[in-house]
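Asks: Right, I'll just put the structure down here and ask away after.
The values are calculated or read from the model by the stated rules, or taken from the named source; none is laboratory data. Worth saying up front: this structure is predicted, and the values here are computed from it rather than measured. Cβ atoms come from the backbone with ideal geometry, glycine included; neighbour counts cover every protein chain shown. For accessibility, only protein heavy atoms count, side chains too; no ligands or nucleic acids. Shrake-Rupley method; radii C 1.70, N 1.55, O 1.52, S 1.80 Å.
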Amino acid sequence: MKHTLIAAAGLLLAVSCTNTPKTRIYLDESQPLEVRVEDALSRMTLEEKVGILHAQSKFSSAGVPRLGIPELWTTDGPHGIRPEVKWDEWDQAGWTNDSCTAYPALTCLAASWSEEMSALYGKSIGEEARYREKDVLLGPGVNIYRTPLCGRNFEYMGEDPFLAGKMCVPYIQEVQKNGVAVCVKHYALNNQEANRHHYNAVVDDRALYEIYLPAFKAAVQEGGAWSIMGAYNLFEGEHLCHNDRILNKILKEEWGFDGAVISDWGGTHVTEEAITNGLDLEMGTGTNGLDSKYGNSYDAYHLAMPYLERLRDGRASMDVLNDKVRRVLRLNFRTAMNSNKPYGSLNSPEHNEAARKIAGEGIVLLKNENNILPLDLEKTSKILVVGENAIKKMTVGGGSSSLKAQNECTPIVGLQEAIGDKAQITYQRGYVGDLLRTYNSVDTGIDLTDPRTEEELIADAVAAAKEADIVLFFGGLNKSKGQDAEGRDRAAMALPYAQDKVIDAITEVNKNVVVLIVSGNAVEMPWIDKVDGVVETWFLGSQAGHAIADVLLGKVNPSGKLPFTFPVKLEDNGAHALNAYHKDSLSVEYKEGIYVGYRWAEKQNIKPLFAFGHGLSYTTFEYGEAKCSKSGSGYKVTLNVTNTGAREGKEIVQLYISDEESSLERPVKELKGFKKVTLAAGETKKVTFEITEDMLKFYDPEKGWVLEKGKFTAHVGAASDDIRTTVDFTK
Ligand code: GLC
């Protein structure tokens, strides 16, 4: 189709140019995009073509000044717009007008299971990118959660390809309405930070097509992503920034991607592969800027002078070059040269309200015994807050997603502002984690040093806990190296910094304890039976404290559900059970295949600590019996859901499907639908799922996607381990 378009564009161009001076059609935005691209391409010199295929600074690539084609500016990251950096450095440039709204991490967005929130997120962050005059937003990340140790899981959207795919699409569409391209990352198989530049992922085609590619495919085919970022790691021996099968064969040919493949920063290693294996825009290649024989270190990039030399002496294809140039021109015409894009806005009340709303919809109430939550300030007069994560800012650190937030409300401040004098709030540190306060020269301004020993910290917390009506323990992880941060994985799934000891000691003297986990990853909870409440609060950004207080005080009824499994222990995870996760091996074999997350737990009959899709509410919901009927070539499953509690709530109704008879082994069941419904107390709504033939298919390495006749079962429930009704149907 696209080739036809290009041919037609070329013909149209030829005709339109025969009898008139070469009008600059590429500037006429009323013309079809392909016509404009062909016109611009026809005017560019070889040097100009190569000039737009690589960086000119840390985050920008050149335009074509002679033709009035502007530079392209990229920016991190998925949760907010990174502060301006110096021309050729990671450190911030020291501007005073580049702070941003820090949105919740994408694990929180995924946990909202709300496509409405995803759209709101994309609109808001897209407006901030546009206002900062950025053309490409380096996100969202949709890599599948394969191991709880991956340092960047907080940037991604969980363990299920269907959920990650559905949840990234509205974000993408809304960002791009601002004339800002997304750059969906890290394509593909970048499921750990350990050894990320060097490990070769060994993955069977079934797992590749059923688990690791679908979210990217949805981003391209449903989201319409204008650019994609190649990953650092290798697959079948080729780096993903220049991988013929993944970039040319699957992304561009099979999926019809017409955008640009942008390398991860420093992810380009081999000139010949960079030329032939699908890379279009080379960024961040490690040159020391000094010994380049070309003078300017950016000229030493693989797609710079080395490429130009090969083109000049006929060692490189002009057709391949022109395809790259077309893709980068399309990216430019859709963004930098798009004169219809909005102006954008930065740090507006609307953006902060959006951040707070998304956070409130993503927070997950994991345990709530004795209705310890929401806090009842009629009965609770003395609240003890314990833990470093109650006072620590989490928007600084973590790697490229680190931000300079205009504001960040910490949990303790959010609680103090919400509670005021309605109760007494005291604080105890409990433990000292990491004193990190700066990243890329952005400083939180908070000095976390504390001279006390571990024992003294625990003793002080216990003494205070004896006097409190309730203890809120804020623990979890943080954005320091080895925690939830880029470039390294966690060493273990346990909570760091002796937090378990603090929780154990507090529960000895106070039975009313709620543990709030600030993290982007699952953690072990050996104390789970000693506490009444557990809340996963994720990394929530600027509005963290307000959103957490909203939920703890019941202003917001929690409705989030887990986008990934919380195993009891690391060995309950497939990659670790099969010893298939390696930190320093050059080869990582994904031995668990398609059995990732709940797929593994259900295959092995392992009861997780908290299951995929689990999340409680301050109200209760009842599910009616599911009915199934033919609907076109597929089926329709309908059921009633009723709010049987005393207050309004949102319920995420989940549809899983199992294939009862298949020629290849399939998971027990797989997520194929979800609906987030708002129900007033006592209200009943009818929920309908459409089951298409595509939803019933599996990938056969010999035949491709196949739909086999036979019996299927639709499971509808509140979580993967909380199925309320099932109905069989036959295809
Ligand atoms: C980093 C990350 C990528 C980021 C890029 C630019 O190494 O892998 O996600 O967008 O480089 O900072």
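Asks: Could you run through segment 690-719 and say how many residues are open to solvent by less than 10 Å² (accessible area, probe 1.4 Å) and under 26 Å from TRP255 (Cα atoms)?
Replies: Qualifying residue count, segment 690-719: 3.
Asks: Restricting the search to segment 663-683, which residues are surrounded by fewer than 16 Cβ atoms within 10 Å (Cβ to Cβ) and either in contact with a Lys or Arg (Cβ under 6 Å, 6 or more places away or on another chain) or of a type in the set (Ser, Thr, Tyr) (or both)?
Replies: SER663, THR678, ALA681
Asks: Residues that are open to solvent by 10 Å² or more (accessible area, probe 1.4 Å) and at pLDDT below 95: which strands (runs of 3 or more DSSP E) entirely in segment 567-637 hold 1 or more of them? First the steps, then the outcome.
Replies: Working: elements: 587-589, 621-623, 627-631.
Once the strands (runs of 3 or more DSSP E) in segment 567-637 are filtered for at least 1 residues that are open to solvent by 10 Å² or more (accessible area, probe 1.4 Å) and at pLDDT below 95, what remains is 627-631.
Asks: More than 13 Å from the ligand (Cβ to nearest atom) and crowded, with 24+ Cβ neighbours inside 10 Å: does that describe ILE250? Working first, answer last.
Replies: Details: more than 13 Å from the ligand (Cβ to nearest atom): yes; crowded, with 24+ Cβ neighbours inside 10 Å: no.
Criteria not met by ILE250.
Asks: Condition first: part of a loop (DSSP other than H, G, I, E, B) and under 20 Å from LYS166 (Cβ atoms). Now tell me which residues in segment 639-665 satisfy that. Quick ask: steps written out before the conclusion?
Replies: In the first step, residues of segment 639-665 are kept if they are part of a loop (DSSP other than H, G, I, E, B); the result is 644-648, 660-665.
Residues satisfying the conditions do not exist here.
Asks: Let me spell it out: the conditions are (1) in contact (Cβ under 8 Å) with a residue 24 or more places away in the chain; (2) open to solvent by 10 Å² or more (accessible area, probe 1.4 Å); (3) not acidic (Asp, Glu), and HIS242 meets all of them except one. Which number is the exception?
Replies: Exception for HIS242: condition (2).
Asks: Further, regarding this structure: When you scan segment 274-292, do you find a residue that is open to solvent by less than 20 Å² (accessible area, probe 1.4 Å), hydrophobic (A, V, I, L, M, F, W, C) and touching a Cys at 6+ places or on another chain (Cβ under 7 Å), even just one?
Replies: Checked against the condition, which is being open to solvent by less than 20 Å² (accessible area, probe 1.4 Å), hydrophobic (A, V, I, L, M, F, W, C) and touching a Cys at 6+ places or on another chain (Cβ under 7 Å), segment 274-292 yields at least one hit.
Asks: Shifting gears a bit: Restricting the search to segment 591-623, which residues are of a type in the set (A, V, I, L, M) and closer than 19 Å to ILE372 by Cβ?
Replies: In the first step, residues of segment 591-623 are kept if they are of a type in the set (A, V, I, L, M); the result is 594, 596, 601, 606, 609, 611, 616.
If the condition is that a residue be of a type in the set (A, V, I, L, M) and closer than 19 Å to ILE372 by Cβ, then LEU609, LEU616 are the ones that fit.
Asks: If I go through segment 369-392 residue by residue, how many of them are surrounded by fewer than 23 Cβ atoms within 10 Å (Cβ to Cβ) and under 28 Å from the mean Cα position of the chain (by Cα)?
Replies: Of the residues in that region, 1 qualify.
Asks: Could you list, in sequence order, the residues of segment 27-59 that are outside any helix (DSSP H, G or I) and buried (at least 20 other Cβ atoms within 10 Å of the Cβ)?
Replies: Start the filter on segment 27-59 by keeping residues that are outside any helix (DSSP H, G or I), which leaves 28-32, 44-45, 52-59.
Within segment 27-59, MET44, ILE52, LEU53, HIS54, ALA55, GLN56, PHE59 qualify.
Asks: Looking at this structure, is ALA207 open to solvent by less than 10 Å² (accessible area, probe 1.4 Å) and away from the ligand (no atom under 14 Å from the Cβ)? Spell out how you get there, then give the answer.
Replies: Working: open to solvent by less than 10 Å² (accessible area, probe 1.4 Å): yes; away from the ligand (no atom under 14 Å from the Cβ): yes.
Yes, satisfied.
Asks: Is it true that some residue in segment 86-101 is within 30 Å of PHE162 (Cβ to Cβ) and out of contact with any Lys or Arg (no Cβ under 6 Å at 6 or more places or on another chain)? If you could, list the steps in order and put the result at the bottom.
Replies: The first filter runs over segment 86-101 and keeps only residues within 30 Å of PHE162 (Cβ to Cβ), leaving 101.
Narrowing further to those that are out of contact with any Lys or Arg (no Cβ under 6 Å at 6 or more places or on another chain): 101.
The answer is yes; a qualifying residue exists.
Asks: Can you tell me which residue is nearest to ALA491 (Cα to Cα) among those in segment 154-208 that are aromatic (Phe, Trp, Tyr) and under 17 Å from the mean Cα position of the chain (by Cα)? Let's see the steps before the verdict.
Replies: Here is the first cut: in segment 154-208, the ones aromatic (Phe, Trp, Tyr) are 154, 156, 162, 171, 187, 199.
Narrowing further to those that are under 17 Å from the mean Cα position of the chain (by Cα): 154, 156, 162, 171, 187.
On the way: PHE154: 16, TYR156: 19, PHE162: 29, TYR171: 32, TYR187: 25 Å.
The selected residue is PHE154.
Asks: Out of the residues in segment 132-165 meeting the condition of being part of a loop (DSSP other than H, G, I, E, B) and acidic (Asp, Glu), tell me which one is nearest to the ligand (Cβ to nearest atom). Give the steps one after another, and end with the answer.
Replies: As a first pass, look at segment 132-165 and keep what is part of a loop (DSSP other than H, G, I, E, B): 132-135, 138-140, 142-152, 156-160.
Then keep just the ones that are acidic (Asp, Glu); that gives 133, 135, 159-160.
Values: GLU133: 18, ASP135: 14, GLU159: 20, ASP160: 22 Å.
For segment 132-165, the residue satisfying everything is ASP135.
Asks: Which residue is surrounded by the most Cβ atoms within 10 Å (Cβ to Cβ), if the candidates are limited to segment 76-96 and must be among the small types (Gly, Ala, Ser) and closer than 22 Å to HIS351 by Cβ? Please lay out each step first, then the result.
Replies: Going through segment 76-96, the residues among the small types (Gly, Ala, Ser) turn out to be 77, 80, 93-94.
Those still in the list that are closer than 22 Å to HIS351 by Cβ too: 77, 80.
Working: GLY77: 23, GLY80: 32.
Ranking the qualifying residues of segment 76-96, first place goes to GLY80.
Asks: Next up: Given the options THR101, THR107, THR96, THR75, name the one that is within 13 Å of the ligand (Cβ to nearest atom) and among the β-branched types (Val, Ile, Thr). Reasoning before the result, please.
Replies: Details: THR101 fails: within 13 Å of the ligand (Cβ to nearest atom); THR107 fails: within 13 Å of the ligand (Cβ to nearest atom); THR96 fails: within 13 Å of the ligand (Cβ to nearest atom).
Among THR101, THR107, THR96, THR75, only THR75 is within 13 Å of the ligand (Cβ to nearest atom) and among the β-branched types (Val, Ile, Thr).
Asks: Mind listing whichever residues of segment 110-127 are farther than 17 Å from GLY560 by Cα and more than 16 Å from the ligand (Cβ to nearest atom)? Break it down into steps so the answer makes sense when it comes.
Replies: Narrowing segment 110-127 to residues farther than 17 Å from GLY560 by Cα: 122-127.
Those that are farther than 17 Å from GLY560 by Cα and more than 16 Å from the ligand (Cβ to nearest atom): GLY122, LYS123, SER124, GLY126, GLU127.
Asks: Let me ask another. Sort through ARG310, ARG315 and tell me the only one that's open to solvent by 50 Å² or more (accessible area, probe 1.4 Å) and without any contact (Cβ under 8 Å) to a residue 60 or more places away in the chain. Please lay out each step first, then the result.
Replies: Values: ARG310 fails: open to solvent by 50 Å² or more (accessible area, probe 1.4 Å).
ARG315 is the lone residue from the list that is open to solvent by 50 Å² or more (accessible area, probe 1.4 Å) and without any contact (Cβ under 8 Å) to a residue 60 or more places away in the chain.
Asks: Select from segment 210-231 the residues that are within 16 Å of the ligand (Cβ to nearest atom) and either charged (D, E, K, R) or open to solvent by less than 10 Å² (accessible area, probe 1.4 Å) (or both) and list them in ascending order.
Replies: Hits for segment 210-231 are ALA215, PHE216, ALA219, ALA225, SER227, ILE228, MET229, GLY230, ALA231.
Asks: Could you identify the single residue in LEU562, LEU516 that is among the hydrophobic types (A, V, I, L, M, F, W, C) and either in a loop (DSSP other than H, G, I, E, B) or open to solvent by 10 Å² or more (accessible area, probe 1.4 Å) (or both)?
Replies: Step by step, each of LEU562, LEU516 is checked, and only LEU562 is among the hydrophobic types (A, V, I, L, M, F, W, C) and either in a loop (DSSP other than H, G, I, E, B) or open to solvent by 10 Å² or more (accessible area, probe 1.4 Å) (or both).
Asks: Condition test on CYS108, is it within 15 Å of the chain's Cα centre (by Cα) and under 19 Å from SER400 (Cβ atoms)?
Replies: Criteria met by CYS108.
Asks: Given the condition within 21 Å of the chain's Cα centre (by Cα) and surrounded by 24 or more Cβ atoms within 10 Å (Cβ to Cβ), answer yes or no: does some residue in segment 525-535 qualify? Give the derivation first.
Replies: Step one: of segment 525-535, the residues within 21 Å of the chain's Cα centre (by Cα) are 535.
The next check asks that each one be surrounded by 24 or more Cβ atoms within 10 Å (Cβ to Cβ); those that pass are 535.
Yes, segment 525-535 contains a residue that is within 21 Å of the chain's Cα centre (by Cα) and surrounded by 24 or more Cβ atoms within 10 Å (Cβ to Cβ).
Asks: Just checking, does segment 445-463 include any residue being within 16 Å of the ligand (Cβ to nearest atom), part of a loop (DSSP other than H, G, I, E, B) and either open to solvent by less than 30 Å² (accessible area, probe 1.4 Å) or not assigned by TED's automatic domain parsing to the domain that holds VAL523 (or both)? Explain how you work it out, then say what you get.
Replies: Start the filter on segment 445-463 by keeping residues that are within 16 Å of the ligand (Cβ to nearest atom), which leaves none.
The answer is no, given that none of the residues of segment 445-463 is within 16 Å of the ligand (Cβ to nearest atom), part of a loop (DSSP other than H, G, I, E, B) and either open to solvent by less than 30 Å² (accessible area, probe 1.4 Å) or not assigned by TED's automatic domain parsing to the domain that holds VAL523 (or both).
Asks: Moving to a separate point now. Within segment 414-444, work out how many residues are open to solvent by 50 Å² or more (accessible area, probe 1.4 Å), within 25 Å of PRO349 (Cα to Cα) and not charged (D, E, K, R).
Replies: 1
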